[in-house]
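Reviewing the structure listed below.
The values are calculated or read from the model by the stated rules, or taken from the named source; none is laboratory data. The model shown is predicted, which means the values in this text are computed figures rather than measured ones. Cβ: placed from backbone, ideal geometry, glycine included. Neighbour counts: every protein chain shown.
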Amino acid sequence: MSEEDPDISIIKARKMKEMRELAAAMEKARMKNQNQKNRSKTSSEIISGYLYDRGQEVLNLAESQFPLQTKAIINRIVELINTGEINQRISGGELLALFRTVGINVRVNTSIKIEDHGKMVSFSDKLKQEKDDTIYDSND
């Protein structure tokens, strides 16, 4: 292998430095542009773009049950989004877990449905129906 000319090494190093500076400037401009876009939106609009899988439902329930605490948490999440620390979407389960981790027990309406003769029936209705059937059977 032949050794490189020292002048060529200097030129390559200078070009690499210029490319790194250009890339850093482009990234900074992109982040500034994104932050300007986000500043024109409200915190709720920004976070809504990151929510999926019942995330909006959990957020709405949290806002109705704990408005002040939810606003503080949303503002912090938006700060993390703006700085780029959060860059992935947030599911409803993850948001619910976050609220519960900080001590906010958001109550979410849940139901269990099972199939009964080709229809989806709530589990509680099925239990009531079986209880009623048992009562009628024991009276015969």
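Quick one: Ala23 ticks every box in (1) modelled with pLDDT under 75; (2) under 37 Å from the mean Cα position of the chain (by Cα); (3) of a type in the set (A, V, I, L, M) bar one, so which box is it?
Of the numbered conditions (1) modelled with pLDDT under 75; (2) under 37 Å from the mean Cα position of the chain (by Cα); (3) of a type in the set (A, V, I, L, M), the odd one out for Ala23 is (1).
Which condition number does Val121 fail, the rest of (1) surrounded by fewer than 11 Cβ atoms within 10 Å (Cβ to Cβ); (2) part of a strand (DSSP E or B) being met?
Just one mismatch for Val121, condition (1).
From the list Leu68, Leu59, which one is in contact with a strand residue (DSSP E or B) (Cβ under 8 Å, 6 or more places away or on another chain), in a helix (DSSP H, G or I) and either aromatic (Phe, Trp, Tyr) or modelled with pLDDT of 90 or more (or both)?
Values: Leu68 fails: in contact with a strand residue (DSSP E or B) (Cβ under 8 Å, 6 or more places away or on another chain).
Just a single option satisfies the conditions, and that option is Leu59.
Filter region 71-91 down to the residues that are in a helix (DSSP H, G or I) and in contact (Cβ under 8 Å) with a residue 24 or more places away in the chain and list them by number. It would help to see each step written out before you state the result.
Going residue by residue through region 71-91, those that are in a helix (DSSP H, G or I) are 71-83.
Lys71, Ile73, Ile74, Asn75, Ile77, Val78, Ile81, Asn82 - these are the residues of region 71-91 that are in a helix (DSSP H, G or I) and in contact (Cβ under 8 Å) with a residue 24 or more places away in the chain.
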